[in-house]
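The values are calculated or read from the model by the stated rules, or taken from the named source; none is laboratory data. The model shown is predicted, which means the values in this text are computed figures rather than measured ones. All Cβ positions, even for glycine, are placed from backbone atoms using ideal geometry, and neighbour counts span all protein chains on display.
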């Protein structure tokens, strides 16, 4: 594609490769005249500006020369390294002269631009070349076989390469070897080429074919292969390019016959040895591969013969061609389209003279071959073969997870077979740049996993560089220790023991019988202050206060006094007292500033008076300490926190630590922290962190920290995350608060952290730290990315479906994605929050177990999706295991072991009556649970399905604010008391409305988000043992709600038999085994296990299942009751045989299985006689096919019997009876 | 610091020109002068050939993975003037779209941030840049910037999707008002920044510092700061880091990362945008990181034998 045009009939020389910008020098050619017949000559320099879209070259300088030129070259000699314009223009003139120009001077417009000039040659100098190794060496050739080697540093006397060749002939071209610096070649129109060795100073080889038709117009050395060169012939009879290898100099290696007429000039690309330009009298400019002879490109020229063609040394895709029609054209060989911008008006002058006689030599020109192709194609194709310089040989790209993908192509200088053997490898490397960051992250994770928080904090304390850092870690550490508030106080500088001692000593010293308490207090004040605490330590009074009262009692007891009734104040007081008018007496005392008296009197005067007096006292007293005392007495700590001098934050915090009620503690700490943050100076702002730590306010800690620190470097982020993680653990550990959903800022930080970890290749760790319970799209996506990056799809995983994986729909993605993720991740979170020492919510251990659940659920139908949380909760059955029986690999055991010691008191204290009667907490969770077909496999096994776990659960959440857990409490604390509680279940529950089963109410989802553990734990005991074992997941979904009550029954039943139960909080424990044994044949549990679609079955779970299964042996049903079984079964069979729709069949099948509960109870003989009798009556009515009567009896039984006793099977029975009635079997 | 964890024998029969991991880092796409594109599953250090995609008639220069939210999609560009979009359907990779609108070698393809939709920028030796936007139903809308870089565009790289204003207080529910930008580098030694205005692509900035072909440009991923960063490398051996602190995007300033002795072919940012991998014509890969005082430091240099990407790979080759 043509880029530029210059209307000159001129020789041309590109600036050297080092030169930027690129220039083109032109010198009026000798032996040619343009259409104006002007004989003026000039040397011009143009700049190639590719950012200018026009066809014009920017002219930089014109120098009027007295010479015309046969050859022009631009050598890099004396090129400045800074790239400023320099080098040497070397021109070969008409009269044997060689002229050196300074191009920088030309451009500068100076008049003295010639560096040197020599007229040594005979005749025109047509051949010039610069040695590329020693750029000061220039070879020139002229007539009479004259060849000179010029040293630009010493231009005066040229050398010769050796004796002149004979016979004398014109030297038409000359070229230095491209590989060996002392080798030079020259050629003459006679067709002979001579190779000179300058070290030997003689020609070493002569090359010529024997045709004698070879008229060498040009020669060029191979850019890469030292022994190869090409010769071009301008003879129309032999328009060839011969490629010679000097190792076989007897005949050409290859002959390129692409031109139809003589070749005028050639140019071999230095950038790609497979590109050789040639232009000939056929008016073609061809680019061919001299190694194969293939024509790669034909330039879209249309005009005239070109007598000179040059590759641009710097820009390898650019070449210039000078044609006889008086034009130099700049082309790109990369193709492209010539859009309108490039049109240039036709050179009318030139075209008017046409082809007549551009040479002005009088010779007629032959007709041109391609006169018709004058219209430039709008689109120009590039080279057939990509040039070497566009073939990227090397690359390195980062990818997710700190991986670097690299490839390289070894440079092969030698062509040949070995190139074929090159192996084309791509390397994937792990790049780790943040060692320390990773180490610390590992330590943190290790601490979290091993729960060695105290040690971790201790190490941090020891390693702390600053006091503040040390403080923070000390505060964090305290969270994991006993009596954390006391420890906090110590950290603030208030050690109770010390203080006690101080006071005692003070008291002793002062001999405090006469009530000089104030001094004592001051004393202790001072002592503490001198102890290095930084202000009026307001702390002592707390202890001092008590002492005060005691001592005052003492004092007043000891002192004797006169009862004076004089008229002074004393007298008045006395009178008042004597009249029992305490109030007046107090007023008098206050008036007289006898505060102590006033207070003591007020005490005697009753509570009301006392508080009034206190108020008055405080109003009057303005000492420093008063407000503190005010607060202590009025318990108004908010006041202190709000109004204290922030320099005294330490004291305020200490006060809060000492006095605040648990329910206001955190808020007060927060408040203080907020004040520090908002009002304090920088130092105080950072101290606010300590308050937040006390408050357990993770989110604010993050905010505060972020404000104070540069959060962008990995290590400072690590600093933050360490604290946050530990604090979260602490919050869970000490306050048993469920760590709330991660706030936006924390989530941001955590994901930043995860990103950093991922970038260092720690993908698993990153995943572990990533908050699980957020629906922020960013995090959801990152989580997904991390999971997949791990490259491990969990067991049972179907084809991975990315959350994105849909048709390309650019919009509206994030919403659904987030939703799905959330559904499944919520439960995961729940799982961990149950434990006493759960990992932080962000942790998923193992990640594989939790996350995988996401995918199957997505694939499922919407209704199925409703249950997905349950499925995702797969792991939780572990948590139900009685700790003494099983231990689990990952965290499980750690979670549960602590329950036993801790549990009893907790559960007892929280077995709140308010919860017991409330039906809703029961129903809500129970509705939840039916919807958990997936967990069923695990709940099948006796060990896991039993109420024991609820006790565990109850301990976890046995704090106020966890209402749902009340179910569990009710169960565990009152074995017998459970009956009324369960009876309170709404009747509708027992009879089983449809929606009880299949529709987890919206409520569930809401609660899941917020109070996860609550609705999550308790229901399990009610339903999971019963529902799940007997059903395959599908039928279960269809299962009528009736089975809900049975579920309850199953769990409660055992509670009647607490005998021999060693563990109080596990009253159900003994029953579980037998019940489980009878209920679940292992086979069933297996099937349903397998039937859980997509639910990964961990080894641990199966292991647990197998344990109890081995022990199963069933007692026979007593003969007298056998009839019940046969009757019911027969009825179901009848129904089955006449039922048509699959749903009914499934129901019946299910019922059949569920009745196993009844049979088990029969085996155990645990049913009360009333129920047994009722059942027999039903059986009888069945035999008479009077199902209505059967239903009536059923209703009677249900309404009169213990719900929990019958709930496992009565609803099922009702289903059967109803169906039988409907079907009329 | 840099350790080879997987050596993938691509079995390409000629030079490899590009190798890119997918979004998750589990699949590797390579392309070669042998005209093929290959996809490997490289999870867990494995190398399973998933697809050997034939369809180009010339050397394939670059491959680019689309964001997975659009499915498994790979774009490739070739000397044959074509851009091909490949898609995995039911486990099989097939050509889903072929763009033949360029007149010369297509040197670079780059997918826009997924927030914008499925948009592919293609830079060609014909000097033009094409923007292919998927409009659904197998249709692609083409916009072309003619003569973006005289004699050729060598590289295109999208700016990360950043909404003007803070990242955090982005109003939810509203469609963010993204400003689409990308950078391109070409044989005119220029880096240009293009911005979409009124559905038209306009040249916003012309960055001039290189003295030879710009071989590659890489817009750094956003790290939440308002600063935009672009790395560029050139035939002149220089690598520049361009930064722009002002939101209007008008004042870019270059900082020379290093002047190498050979062509620098490729620059690539780490995901967290703090490390730059520079691939030079001397077959060397170096990693660079900005120090606290703002200087760019080589943190892994083959010559110094520290991280030794090549040193290790050579060792492995010897073993084989």
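Which residue, of A:122, A:78, is surrounded by fewer than 17 Cβ atoms within 10 Å (Cβ to Cβ) and either free of Cβ contacts under 8 Å to residues at least 24 places away in the same chain or out of contact with any strand residue (DSSP E or B) (no Cβ under 9 Å at 6 or more places or on another chain) (or both)? Spell out the reasoning first.
On the way: A:78 fails: either free of Cβ contacts under 8 Å to residues at least 24 places away in the same chain or out of contact with any strand residue (DSSP E or B) (no Cβ under 9 Å at 6 or more places or on another chain) (or both).
Among A:122, A:78, only A:122 is surrounded by fewer than 17 Cβ atoms within 10 Å (Cβ to Cβ) and either free of Cβ contacts under 8 Å to residues at least 24 places away in the same chain or out of contact with any strand residue (DSSP E or B) (no Cβ under 9 Å at 6 or more places or on another chain) (or both).
Take the conditions crowded, with 24+ Cβ neighbours inside 10 Å, touching a strand residue (DSSP E or B) at 6+ places or on another chain (Cβ under 8 Å) and over 21 Å from residue B:17 (Cβ atoms) and apply them to residue B:148. Does it pass? Don't jump to the end; show me each part of the working.
Values: crowded, with 24+ Cβ neighbours inside 10 Å: yes; touching a strand residue (DSSP E or B) at 6+ places or on another chain (Cβ under 8 Å): yes; over 21 Å from residue B:17 (Cβ atoms): yes.
So residue B:148 fits the description; yes.
Consider segment A:658-686. How many of its residues are touching a helix residue (DSSP H, G or I) at 6+ places or on another chain (Cβ under 8 Å) and either over 15 Å from residue A:471 (Cβ atoms) or buried (at least 24 other Cβ atoms within 10 Å of the Cβ) (or both)? Give the derivation first.
At the first step, the residues of segment A:658-686 found to be touching a helix residue (DSSP H, G or I) at 6+ places or on another chain (Cβ under 8 Å) are A:658-660, A:664-677, A:679-680, A:682, A:684-686.
So of that shortlist, the ones also either over 15 Å from residue A:471 (Cβ atoms) or buried (at least 24 other Cβ atoms within 10 Å of the Cβ) (or both) come out as A:658-660, A:664-677, A:679-680, A:682.
Qualifying residue count for the region: 20.
Return the residue satisfying two criteria in turn: it lies in segment A:382-401 and is more than 7 Å from chain B (Cβ to nearest Cβ) and assigned to a loop (DSSP other than H, G, I, E, B), and of such residues it is nearest to residue A:300 (Cα to Cα). Lay out the reasoning, then the answer.
In the first step, residues of segment A:382-401 are kept if they are more than 7 Å from chain B (Cβ to nearest Cβ); the result is A:383-385, A:387-389.
Now drop any that are not assigned to a loop (DSSP other than H, G, I, E, B), which leaves A:383-385, A:387.
On the way: A:383: 12, A:384: 14, A:385: 17, A:387: 18 Å.
By that ranking, first place goes to A:383.
Confirm whether residue A:423 is within 14 Å of chain B (Cβ to nearest Cβ) and either surrounded by 13 or more Cβ atoms within 10 Å (Cβ to Cβ) or at pLDDT below 80 (or both).
Details: within 14 Å of chain B (Cβ to nearest Cβ): yes; either surrounded by 13 or more Cβ atoms within 10 Å (Cβ to Cβ) or at pLDDT below 80 (or both): yes.
Answer is yes for this residue.
Tell me the strands (runs of 3 or more DSSP E) entirely within segment B:172-248 that contain at least 1 residues that are in contact with a strand residue (DSSP E or B) (Cβ under 9 Å, 6 or more places away or on another chain), free of Cβ contacts under 8 Å to residues at least 60 places away in the same chain and buried (at least 23 other Cβ atoms within 10 Å of the Cβ). Can you show your working first?
Working: elements: B:181-186, B:190-197, B:200-208, B:214-219, B:228-234, B:238-244.
Answer list for segment B:172-248: B:181-186, B:190-197, B:228-234, B:238-244.
Out of the residues in segment B:70-79 that are touching a residue at least 24 places away in the same chain (Cβ under 8 Å) and surrounded by fewer than 23 Cβ atoms within 10 Å (Cβ to Cβ), which is farthest from the other protein chains (Cβ to nearest Cβ)? Please lay out each step first, then the result.
In the first step, residues of segment B:70-79 are kept if they are touching a residue at least 24 places away in the same chain (Cβ under 8 Å); the result is B:70, B:72-79.
Checking the rest, the ones that are also surrounded by fewer than 23 Cβ atoms within 10 Å (Cβ to Cβ) come to B:70, B:72.
Details: B:70: 4, B:72: 8 Å.
Looking at the filtered set, the residue picked out is B:72.
Return the residues of segment A:1135-1150 that are under 20 Å from residue A:1210 (Cβ atoms) and either at pLDDT 85 or above or over 49 Å from the mean Cα position of the chain (by Cα) (or both); say none if nothing qualifies.
If the condition is that a residue be under 20 Å from residue A:1210 (Cβ atoms) and either at pLDDT 85 or above or over 49 Å from the mean Cα position of the chain (by Cα) (or both), then A:1135, A:1144, A:1148 are the ones that fit.
Of all residues in segment A:763-778, which are modelled with pLDDT of 80 or more and surrounded by fewer than 24 Cβ atoms within 10 Å (Cβ to Cβ)?
Those that are modelled with pLDDT of 80 or more and surrounded by fewer than 24 Cβ atoms within 10 Å (Cβ to Cβ): A:764, A:765.
Rundown of residues vs (1) within 21 Å of residue A:236 (Cα to Cα); (2) within 52 Å of the chain's Cα centre (by Cα); (3) surrounded by fewer than 23 Cβ atoms within 10 Å (Cβ to Cβ), yes/no style:
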| site | (1), (2), (3) |
| --- | --- |
| A:284 | yes, no, yes |
| A:294 | yes, no, yes |
| A:306 | yes, no, no |
| A:333 | no, yes, no |
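Of the residues B:43, B:54, B:27, only one is more than 20 Å from residue A:429 (Cα to Cα) and either surrounded by 19 or more Cβ atoms within 10 Å (Cβ to Cβ) or more than 8 Å from chain A (Cβ to nearest Cβ) (or both); which?
Details: B:43 fails: more than 20 Å from residue A:429 (Cα to Cα); B:27 fails: more than 20 Å from residue A:429 (Cα to Cα).
One residue alone meets the criteria, B:54.
For segment B:28-47, name all the residues that are free of Cβ contacts under 8 Å to residues at least 40 places away in the same chain and closer than 15 Å to residue B:73 by Cα.
Once the filter is applied, which keeps residues that are free of Cβ contacts under 8 Å to residues at least 40 places away in the same chain and closer than 15 Å to residue B:73 by Cα, segment B:28-47 yields B:28, B:30, B:38, B:40, B:41.
Pick from segment A:1181-1222 the residues that are over 25 Å from residue A:1144 (Cβ atoms) and part of a helix (DSSP H, G or I): which of them is nearest to the chain's Cα centre (by Cα)?
First, pick out the residues of segment A:1181-1222 that are over 25 Å from residue A:1144 (Cβ atoms): A:1196, A:1199-1205.
Filter again for part of a helix (DSSP H, G or I), leaving A:1196, A:1199-1200, A:1203-1205.
On the way: A:1196: 62, A:1199: 58, A:1200: 60, A:1203: 52, A:1204: 50, A:1205: 53 Å.
Ranking the candidates gives A:1204 first.
Exactly one condition in (1) surrounded by 23 or more Cβ atoms within 10 Å (Cβ to Cβ); (2) more than 10 Å from chain A (Cβ to nearest Cβ) is not met by residue B:64; state its number.
It is condition (1) that residue B:64 fails.
From the list B:213, B:265, B:252, exactly one residue is more than 15 Å from the chain's Cα centre (by Cα), more than 20 Å from residue A:752 (Cα to Cα) and within 11 Å of chain A (Cβ to nearest Cβ). Which is it?
On the way: B:265 fails: more than 15 Å from the chain's Cα centre (by Cα); B:252 fails: within 11 Å of chain A (Cβ to nearest Cβ).
Exactly one of B:213, B:265, B:252 is more than 15 Å from the chain's Cα centre (by Cα), more than 20 Å from residue A:752 (Cα to Cα) and within 11 Å of chain A (Cβ to nearest Cβ), namely B:213.
Filter segment B:94-126 for residues that are at the interface with chain A (Cβ under 8 Å from one of its Cβ atoms) and more than 20 Å from residue B:219 (Cα to Cα) and give the result.
Matches in segment B:94-126: B:103, B:104, B:105, B:125, B:126.
Report yes if some residue within segment B:2-18 is more than 8 Å from chain A (Cβ to nearest Cβ), part of a strand (DSSP E or B) and buried (at least 21 other Cβ atoms within 10 Å of the Cβ); otherwise report no. Reasoning before the result, please.
Taking segment B:2-18 first, the residues more than 8 Å from chain A (Cβ to nearest Cβ) are none.
Scanning segment B:2-18 turns up no residue that is more than 8 Å from chain A (Cβ to nearest Cβ), part of a strand (DSSP E or B) and buried (at least 21 other Cβ atoms within 10 Å of the Cβ).
Would you mind telling me which numbered condition in (1) at pLDDT below 90; (2) farther than 30 Å from residue A:432 by Cα residue B:2 fails?
Going through the list (1) at pLDDT below 90; (2) farther than 30 Å from residue A:432 by Cα, residue B:2 breaks only (2).
Test residue A:83 against the criterion of being closer than 28 Å to residue B:211 by Cα, modelled with pLDDT under 85 and part of a loop (DSSP other than H, G, I, E, B), and give yes or no.
Criteria met by residue A:83.
If you take just the strands (runs of 3 or more DSSP E) that sit entirely in segment B:60-165, which of them hold at least 1 residues that are under 13 Å from the mean Cα position of the chain (by Cα)? Walk me through it before giving the result.
Working: elements: B:60-65, B:73-78, B:83-89, B:92-99, B:106-111, B:119-124, B:129-136, B:139-145, B:153-158.
Ranges flagged: B:60-65, B:73-78, B:106-111, B:119-124, B:153-158.
So, residue B:257, is that one modelled with pLDDT of 90 or more, within 14 Å of chain A (Cβ to nearest Cβ) and buried (at least 23 other Cβ atoms within 10 Å of the Cβ) or not? I'd like the intermediate steps shown before the answer.
Values: modelled with pLDDT of 90 or more: yes; within 14 Å of chain A (Cβ to nearest Cβ): no; buried (at least 23 other Cβ atoms within 10 Å of the Cβ): yes.
For residue B:257, the condition - modelled with pLDDT of 90 or more, within 14 Å of chain A (Cβ to nearest Cβ) and buried (at least 23 other Cβ atoms within 10 Å of the Cβ) - is not met.
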